[in-house]
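A.B. asks: Before anything else, here's the structure in question.
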Amino acid sequence: MADRMRWCYGDIKPIEVKVLPDTLIEAGDMLWMDKDNAKPACLFPTGVFVNPENAIMSFVCNFLGIAMEASRKGEIKPVNIATSGTFEMDCINETFREGDLVGPGIKAIRKVLEAHQPVRIPNQQIAKTYHRELSIGKIARSVPVPYNSVLVTIDTSHRAHKPKHVD
């Protein structure tokens with residue numbers, strides 16, 4: 001895990017969400033809501049899905065945002081999460097145009113699920129998608145040559161669950 005502050009600019013609209021004491025979260029992780037607790041993407045239960053798109057869509061529906069701080073195992077304090085803003089996220093060497101939709105490491109997930117192998121969603125890696133329901137954000141600045149990171153703008157305000165924002 002990278003434990004890297006990925007925020008670049010924009011209003012982050014922070015929220016605080018509880019974390020179970022046995023959960024490790026690194027700054028920069030994509031987080032999802034499991035009942036009342038935040039968890040990193042790698043702990044999303046993809047094994048219950050046959051179709052990779054269904055696994056990704058379910059993750060996206062439960063996507064909270066990007067961790068703004070780490071939560072070490074044993075800690076019991078809530079973690080601050082950015083629900084919007086622009087972040088530098090890792091990606092597989094690809095070209096991107098401003099406005100392209102991105103989701104969690106979709107290409108890797110698809111290959112592993114199709115091979116019927118257990119898979120973990122990458123905590124801090126995104127990939128291009130062409131479907132809104134599989135996206136967590138969009139590209140903020142074009143990348144005309146393949147590169148390993150990209151600026152992504154996220155906004156979770158349209159999600160079904162709306163945790164309370166921190167004042």
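Here, each number is a calculation from the coordinates, and none is a lab measurement. Because the structure is a prediction, the values reported are computed rather than measured. Cβ sites come from the backbone with ideal geometry, for glycine too, and all protein chains shown count toward neighbours.
A.B. asks: Tell me, please, whether a residue that is outside any loop (DSSP other than H, G, I, E, B), over 21 Å from Arg141 (Cβ atoms) and acidic (Asp, Glu) can be found in the range 18-34.
C.D. replies: The answer is yes, given that some residue of the range 18-34 is outside any loop (DSSP other than H, G, I, E, B), over 21 Å from Arg141 (Cβ atoms) and acidic (Asp, Glu).
A.B. asks: Right, another one. So which residues in the range 41-75 are outside any helix (DSSP H, G or I) and among the aromatic types (Phe, Trp, Tyr), if there are any at all?
C.D. replies: Phe44, Phe49, Phe63
A.B. asks: Check Phe59 against each of (1) closer than 23 Å to Ala140 by Cβ; (2) in contact with a Ser or Thr (Cβ under 6 Å, 6 or more places away or on another chain) and name the one condition it does not meet.
C.D. replies: All conditions pass for Phe59, except number (2).
Matching residues to (1) surrounded by fewer than 21 Cβ atoms within 10 Å (Cβ to Cβ); (2) over 19 Å from Thr129 (Cα atoms); (3) within 16 Å of the chain's Cα centre (by Cα):
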position	(1), (2), (3)
Trp7	yes, yes, yes
Gly10	yes, yes, no
Lys18	yes, yes, no
Gly28	no, yes, yes
Asn51	yes, no, no
Ser58	yes, no, yes
Ala67	no, yes, yes
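Listed here are the residues, each with its yes/no results for (1) more than 14 Å from Asn123 (Cβ to Cβ); (2) of a type in the set (Ser, Thr, Tyr); (3) in contact with a Lys or Arg (Cβ under 8 Å, 6 or more places away or on another chain).
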| residue | (1), (2), (3) |
| --- | --- |
| Ile12 | yes, no, no |
| Phe59 | no, no, no |
| Ser84 | yes, yes, yes |
| Leu101 | yes, no, yes |
